[in-house]
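Enquirer: Structure below; questions to follow.
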Amino acid sequence: MTRDDMGFVAKLVYEHAGIVIREHKEAMTRGRLARRVKALGLNSVAEYCAFLKTPAALDEIPELINAVTTNHTAFFRERHHFDHLRGDVLPRLIQERAARRGRIRIWSSACSSGEEAYSIAAVSRDVIGHRGDLDFRILATDIDTDILDRAAAGLYPLELFERLPADLRPLLRFDGQAGRGEARISDDLKRLIAFKRLNLIESWPMKGAFDVVFCRNVFIYFDTPTKAAILDRFVSLIHPGGFLYLGHSESLPQPHPKLRLIGRTIYERTP
Ligand SMILES: C[S@@+](CC[C@H](N)C(=O)[O-])C[C@H]1O[C@@H](n2cnc3c(N)ncnc32)[C@H](O)[C@@H]1O
């Protein structure tokens, strides 16, 4: 694969997903492209790049994006967000909205294989229970269609549950053992979540506002203008008094007049 080929792939990925492939990630990217080389029966990454330059390659773009995304995640990753949601946010929202069958909406905006969304569902079910006077839903989206299929299946190695801290383990309910060494998230938690494909750099179909948006460990792949544009759109979709959670190594691209830092990577949307 020549430097020009790498530049070409990097440009495609940036245009279609906003992801910047930095120089130190090039070797890893080449390895990930090898997956597509094999799937298409080609002989080399260079051949794959030549294919990408043909008009027939239009259908290949989503596969290319699926191949280059980094999907690392975990249940209750960066736990302080779930503690904040459970202890501060949900009790207040219930107080405000219960009785009127008020809406509570939470968005996991780069949900990867679903652990983040199921962790949100687990703490929410624990706080809200099964009361019928609230309309509670979680939207979980990602650009990567392969990883979304895995998220929707909700099937995980049993050891991931076993490794959870003792106080969180009972919250993440699963329906027995699905296969050897695997467990499936319970339908009760699954029912709370809608998994959909959404590219953060394209237009967003939803109109209603969210109480909480999780946008964690995806801004690290974007440049400053991309982050700033997405952030503006988050702000317009979060209720005043609602919250935005970023990943532990992330911060706002620049201070935002309508976002106030109130805790570790926790931002409150001001009126
Ligand atoms: C490292 S994972 C983060 C998962 C989870 N939020 C967490 O913090 O554990 C990053 C996810 O962002 C997704 N992603 C990358 N670019 C995206 C885009 N333009 N729109 C939506 N999702 C994107 C990837 O597919 C990947 O699943």
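Enquirer: Restricting the search to region 51-81, which residues are more than 18 Å from the chain's Cα centre (by Cα) and exposed (fewer than 14 other Cβ atoms within 10 Å of the Cβ)?
Expert: Within region 51-81, Lys53, Thr54, Pro55, Ala56, Leu58, Asp59 qualify.
Enquirer: Does Phe75 satisfy the criteria of being among the aromatic types (Phe, Trp, Tyr), at negative phi, touching a residue at least 24 places away in the same chain (Cβ under 8 Å) and not assigned by TED's automatic domain parsing to the domain that holds Asp142?
Expert: yes
Enquirer: Give Leu85, Leu90 a once-over and let me know the one that is assigned by TED's automatic domain parsing to the domain that holds Lys196 and within 16 Å of the ligand (Cβ to nearest atom).
Expert: Exactly one residue qualifies, and that residue is Leu85.
Enquirer: Would you call His24 closer than 23 Å to Ile266 by Cα, surrounded by fewer than 17 Cβ atoms within 10 Å (Cβ to Cβ) and not aliphatic (A, V, I, L, M)?
Expert: On the way: closer than 23 Å to Ile266 by Cα: no; surrounded by fewer than 17 Cβ atoms within 10 Å (Cβ to Cβ): yes; not aliphatic (A, V, I, L, M): yes.
It is false that His24 is closer than 23 Å to Ile266 by Cα, surrounded by fewer than 17 Cβ atoms within 10 Å (Cβ to Cβ) and not aliphatic (A, V, I, L, M).
Okay, residues lined up against (1) within 14 Å of the ligand (Cβ to nearest atom); (2) small (Gly, Ala, Ser); (3) over 23 Å from Ile65 (Cα atoms):
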{"residue": "Tyr118", "(1), (2), (3)": "yes, no, yes"}
{"residue": "Arg137", "(1), (2), (3)": "no, no, yes"}
{"residue": "Leu148", "(1), (2), (3)": "yes, no, no"}
{"residue": "Arg191", "(1), (2), (3)": "no, no, yes"}
{"residue": "Lys196", "(1), (2), (3)": "yes, no, no"}
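Enquirer: Mind checking whether some residue in region 205-214 is farther than 23 Å from Ala152 by Cβ, open to solvent by 20 Å² or more (accessible area, probe 1.4 Å) and within 14 Å of the ligand (Cβ to nearest atom)?
Expert: Looking for residues that are farther than 23 Å from Ala152 by Cβ, open to solvent by 20 Å² or more (accessible area, probe 1.4 Å) and within 14 Å of the ligand (Cβ to nearest atom), one finds none in region 205-214, hence no.
Enquirer: May I ask you to list the residues in region 183-204 that are of a type in the set (A, V, I, L, M), open to solvent by 20 Å² or more (accessible area, probe 1.4 Å) and under 25 Å from Leu85 (Cα atoms)?
Expert: Within region 183-204, Ala194 is the sole residue that qualifies.
Enquirer: May I ask you to say which residue of Asp175, Asp146 is open to solvent by 30 Å² or more (accessible area, probe 1.4 Å), among the acidic types (Asp, Glu), under 30 Å from Ile61 (Cβ atoms) and not assigned by TED's automatic domain parsing to the domain that holds Glu15? Before you say what the answer is, go through the steps one by one.
Expert: On the way: Asp175 fails: under 30 Å from Ile61 (Cβ atoms).
It is Asp146.
Enquirer: Would you be able to tell me the number of residues in region 238-270 that are under 18 Å from the mean Cα position of the chain (by Cα), of a type in the set (A, V, I, L, M, F, W, C) and open to solvent by 20 Å² or more (accessible area, probe 1.4 Å)?
Expert: 1
Enquirer: Within the bounds of region 108-116, is there any residue that is more than 10 Å from the ligand (Cβ to nearest atom) and hydrophobic (A, V, I, L, M, F, W, C)? Break it down into steps so the answer makes sense when it comes.
Expert: Let us first name the residues in region 108-116 that are more than 10 Å from the ligand (Cβ to nearest atom), namely none.
There is no residue in region 108-116 that is more than 10 Å from the ligand (Cβ to nearest atom) and hydrophobic (A, V, I, L, M, F, W, C).
Enquirer: Here is a further query. If Ile128 satisfies every condition in (1) within 16 Å of the ligand (Cβ to nearest atom); (2) farther than 24 Å from Leu33 by Cα but one, which is the exception?
Expert: Result: Ile128 passes all but (1).
Enquirer: Another one. Among all residue pairs at least 6 apart or on different chains, which show Cβ distances below 6 Å where the first residue, located in region 196-220, is not assigned by TED's automatic domain parsing to the domain that holds Gly18 and the second is of a type in the set (Val, Ile, Thr) and within 6 Å of the ligand (Cβ to nearest atom)?
Expert: Qualifying pairs under 6 Å: Asn199/Ile143.
The values are calculated or read from the model by the stated rules, or taken from the named source; none is laboratory data. Nothing here was measured: the structure is a model prediction, and the numbers come from that model. A quick note on method: Cβ atoms are made from the backbone with ideal geometry, for glycine too, and the neighbour counts reach across all protein chains shown. Heads up: the accessible areas ignore ligands, DNA and RNA and are worked out on the full protein's heavy atoms, side chains in. Shrake-Rupley method; radii C 1.70, N 1.55, O 1.52, S 1.80 Å.
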